[in-house]
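Data block below; observations after.
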Amino acid sequence: MSISIDSSHLAYFRQNHQIEFENLLKESEIRSILTTFKNKFDAYESSHSLQKGFDLWREHDELKPIITSKRLAKVTGQLMETEKLRFGFSQFISSKCYSDDFSFLYRKSCIKDFTCGLCICLKPSSEQENPFFPTKPGNGIIFEIDTDFYLRYPKSEGAYLFILYTHVSAIFLHQMDDPLNIFFRELGYENGDRLKETLNPSFSWMLV
């Protein structure tokens, strides 16, 4: 689904540092993600670890064109007024995949630097849980990540997909306070490595 960024979108984003769009994902794409996670959870019922929802596309090829979509990266990058972004990571959260302890804090992140992100509603909660979460399936909130950025992955009655993007030249730095360290180390990253095209693809486009 094509999304056009106009001057009103940019003005709103510059002022509020986040904006919601409708229908960022198709029903079939939402269904594919939810089915994949259900099957994954059913195999590991004893744990609600975030690791089950981290970068699902790395183990499930059918999700790669959805989660690492250039279309999603482009609309996010255009709002950030940049012609390039790199995929950082994705995180699925639900009532079965969450963390009471984990928080994504910019200053303690093992990736330098994240710039922006996207939260897409896959299944809404029966009640408004967090104003940061969209309330309609397929809708997504695009947000800026600055030096004060703080994000929790709480238990939710709904289901949501986070996608976070970095500067194209971002690097991995070992940070004891960041639980994501282990995930990036398992991908083969060592302290000081630049994020690799094969593991964390970049996207580019022309600004208009």
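Examine the stretch 77-92 for a residue that is open to solvent by 40 Å² or more (accessible area, probe 1.4 Å), free of Cβ contacts under 8 Å to residues at least 12 places away in the same chain, at negative phi and not aliphatic (A, V, I, L, M), and state whether such a residue exists.
No, the stretch 77-92 contains no residue that is open to solvent by 40 Å² or more (accessible area, probe 1.4 Å), free of Cβ contacts under 8 Å to residues at least 12 places away in the same chain, at negative phi and not aliphatic (A, V, I, L, M).
What number of residues in the stretch 161-177 are open to solvent by 10 Å² or more (accessible area, probe 1.4 Å) and either touching a Ser or Thr at 6+ places or on another chain (Cβ under 8 Å) or farther than 29 Å from Leu25 by Cβ (or both)?
Within the stretch 161-177, residues that are open to solvent by 10 Å² or more (accessible area, probe 1.4 Å) and either touching a Ser or Thr at 6+ places or on another chain (Cβ under 8 Å) or farther than 29 Å from Leu25 by Cβ (or both) number 8.
For the stretch 186-206, give me each residue that is without any contact (Cβ under 8 Å) to a residue 12 or more places away in the chain, charged (D, E, K, R) and open to solvent by 90 Å² or more (accessible area, probe 1.4 Å).
Glu186, Glu197 - these are the residues of the stretch 186-206 that are without any contact (Cβ under 8 Å) to a residue 12 or more places away in the chain, charged (D, E, K, R) and open to solvent by 90 Å² or more (accessible area, probe 1.4 Å).
Whether any residue in the stretch 9-29 is touching a residue at least 40 places away in the same chain (Cβ under 8 Å) and in contact with a His (Cβ under 7 Å, 6 or more places away or on another chain) is what I want to check.
Within the stretch 9-29 (the criterion being touching a residue at least 40 places away in the same chain (Cβ under 8 Å) and in contact with a His (Cβ under 7 Å, 6 or more places away or on another chain)), the answer is yes, since at least one residue qualifies.
Residues checked against (1) in contact with a Pro (Cβ under 9 Å, 6 or more places away or on another chain); (2) open to solvent by less than 10 Å² (accessible area, probe 1.4 Å); (3) among the charged types (D, E, K, R); (4) modelled with pLDDT under 95:
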position: Ser99; (1), (2), (3), (4): yes, no, no, yes
position: Tyr106; (1), (2), (3), (4): no, no, no, yes
position: Glu129; (1), (2), (3), (4): yes, no, yes, yes
position: Arg152; (1), (2), (3), (4): no, no, yes, yes
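Can you go through Ser156, Ser95, Ser90 and tell me which one is among the polar types (S, T, N, Q) and touching a Leu at 6+ places or on another chain (Cβ under 7 Å)?
The unique qualifying residue is Ser90.
Can you list residue pairs whose Cβ atoms sit under 6 Å apart, with the first residue in the stretch 167-185 being at pLDDT below 90 and the second being of a type in the set (Ser, Thr, Tyr) and not in a helix (DSSP H, G or I)? Count only pairs 6 or more apart in sequence or on different chains.
From the stretch 167-185, the pairs are Asp178/Ser109.
So for the stretch 53-72 (the condition being in a strand (DSSP E or B), modelled with pLDDT under 95 and not charged (D, E, K, R)), does at least one residue qualify?
yes
The values are calculated or read from the model by the stated rules, or taken from the named source; none is laboratory data. Please read these numbers as outputs of a predicted model, since none were measured by experiment. Ideal geometry is used to build each Cβ from the backbone, glycine not excepted, and the neighbour counts take in all protein chains shown. We work out accessible area using only protein heavy atoms, side chains counted, and drop any ligands, DNA or RNA first. Shrake-Rupley method; radii C 1.70, N 1.55, O 1.52, S 1.80 Å.
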